[in-house]
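Here the structure is laid out as structure tokens; the discussion comes afterwards.
Please treat every number below as a calculation from the coordinates, not as lab data. Because the structure is predicted, anything quoted here is derived from the model rather than measured. Glycine gets a Cβ as well: all are built from the backbone with ideal geometry, and neighbour counts include every protein chain shown.
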Amino acid sequence: MAVQQSSPLKFVIAGALVVAVIVWLAISAGTQAKSYYVTIAELQQMGNKAYTRHLRVAGNVKPGSIERAGTGATFTLVELDKTLRVQYQGAEPPPDTFKDDAQALAIGTYGRDGVFHAVQLQAKCASKYAPAKPGATPTGNTTPLATTASR
């Protein structure tokens, strides 16, 4: 009676196939998740490359430009003398810190219509991090620390 042995070649081929699929998935997911940080001026000078890349653009929110609609918003980012119209449509509404003059980071793609189409939006309140104006009442805990003298 002959005992049939399984060929190790089958296992090597199956293992190589599994490794190849995992590598392909990792590479394709990595290129889709990659986004380039550009300034508004750089974005406007990129030409056709701007339309094919996932990008991150930062600037200050122009006062009076925010138009909210459901979980989305349309607004203008300002950086020095450059402006960029942004249309945000995400699963979540803009953060609470998203206000006029706030620093904002929009993540998405630049459209041929000249509008940046954001799918993620991050913002921080500019006044929270700015130095206090002279004569203004300080914010936060202003209670002096108790001092003890040990002799």
In a shell of Cβ-Cβ distance under 12 Å around residue 108, excluding residue 108 itself, what net charge do Lys and Arg (+1) and Asp and Glu (-1) give? +2
Sites residue 18 and residue 120 - FRET efficiency at Förster radius 35 Å, r taken between beta-carbons, to 0.05: 0.60
For segment 34-129, what does the relative contact order come out to in percent, with C-alpha contacts under 8 Å and a separation of six or more? 27 percent
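Packing-wise, with mean Cβ within 10 Å as the measure, how do 109-115, 13-19 rank, highest first?
Details: 109-115: 13.3, 13-19: 10.1.
The most tightly packed comes first, giving 109-115, 13-19.
Quick one: of the DSSP bridges fully inside segment 34-129, what percent are antiparallel, nearest 5?
If we restrict to bridges inside segment 34-129, about 80 percent are antiparallel.
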Mind checking which of 59, 72, 119 is farthest towards the positive end of segment 34-129's charge dipole, using Cβ charges of +1 (Lys, Arg) and -1 (Asp, Glu) about the Cα centre? 119
